[in-house]
Amino acid sequence: SGYPYPCVNVAGKDLPLIPHDTVSVGATLTNPLPNGMEWSNRFEYYYLGPQYIDDSNLNWIPAKSNLDFFSTLLIRNGLSVTAFVRNITDNRIPTAEGGPGGGASTYLASDPRLGGFAGQTGFDFAVAPPREFGGTLDYTF
């Protein structure tokens with residue numbers, strides 16, 4: 001009976017929030033420096049294809065890609081300093097949904113950043129964080 005929700009035939013439909021395509025690639029270039037130090041630069045890229053957000057496959061989140069960069073100076077005795085930029089392209093594509101009535105974020109389907117792809121659904125969406133600059137200081141012992 002499907003109580004309290006009606007049963008819906010979803011035969012032949014895609015599973016919600018499961019993209020057909022995903023790609024993740026990273027590349028690191030490491031250079032030895034004098035005094036036993038080492039400097040490395042790393043790029044990381046990933047792509048997530050479009051995803052349906054409901055069983056009926058009527059509403060979807062568009063494809064998303066992200067590019068990050070890390071530069072690390074490995075100093076002797078386990079000390080390292082890293083500078084990074086996450087989301088280099090400042091890609092603000094939606095990344096998740098919270099279902100009718102909210103939950104995941106404060107961005108409504110009518111938000112212009114969503115491009116109207118899921119307008120009139122009443123779903124809320126989380127938008128990827130903006131470009132971020134930062135650094136870390138690590139010690140491994």
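Which one is nearest to Asn91 (Cα to Cα), of the residues in the range 19-37 that are open to solvent by 70 Å² or more (accessible area, probe 1.4 Å) and over 22 Å from the mean Cα position of the chain (by Cα)?
Leu29
Are any residues in the range 19-56 of a type in the set (Val, Ile, Thr) and within 15 Å of Leu73 (Cα to Cα), and if so, which ones?
Thr28, Thr30
This table checks each residue for (1) surrounded by fewer than 16 Cβ atoms within 10 Å (Cβ to Cβ); (2) modelled with pLDDT under 90; (3) of a type in the set (S, T, N, Q).
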{"position": "Lys64", "(1), (2), (3)": "no, yes, no"}
{"position": "Asp68", "(1), (2), (3)": "no, no, no"}
{"position": "Arg76", "(1), (2), (3)": "yes, yes, no"}
{"position": "Thr82", "(1), (2), (3)": "no, no, yes"}
{"position": "Ile93", "(1), (2), (3)": "no, yes, no"}
{"position": "Thr106", "(1), (2), (3)": "yes, yes, yes"}
{"position": "Arg113", "(1), (2), (3)": "yes, yes, no"}
{"position": "Gly116", "(1), (2), (3)": "yes, yes, no"}
{"position": "Ala126", "(1), (2), (3)": "no, yes, no"}
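When you look at Leu48, is it among the hydrophobic types (A, V, I, L, M, F, W, C) and either in contact with an Asp or Glu (Cβ under 7 Å, 6 or more places away or on another chain) or surrounded by fewer than 16 Cβ atoms within 10 Å (Cβ to Cβ) (or both), yes or no?
no
Can you say whether Ser40 is within 26 Å of Phe141 (Cα to Cα), surrounded by 13 or more Cβ atoms within 10 Å (Cβ to Cβ) and touching an Asp or Glu at 6+ places or on another chain (Cβ under 6 Å), as far as the supplied structure shows?
No: the conditions fail for Ser40.
Looking at Asp14, Asp68, Asp54, which one is in a strand (DSSP E or B) and among the acidic types (Asp, Glu)?
Answer to the selection: Asp68.
The values are calculated or read from the model by the stated rules, or taken from the named source; none is laboratory data. Bear in mind that the values here come from a model prediction, so they are computed numbers and not experimental data. Here Cβ is always computed from backbone atoms with ideal geometry, including for glycine, and neighbour counts include all displayed protein chains. We work out accessible area using only protein heavy atoms, side chains counted, and drop any ligands, DNA or RNA first. Shrake-Rupley method; radii C 1.70, N 1.55, O 1.52, S 1.80 Å.
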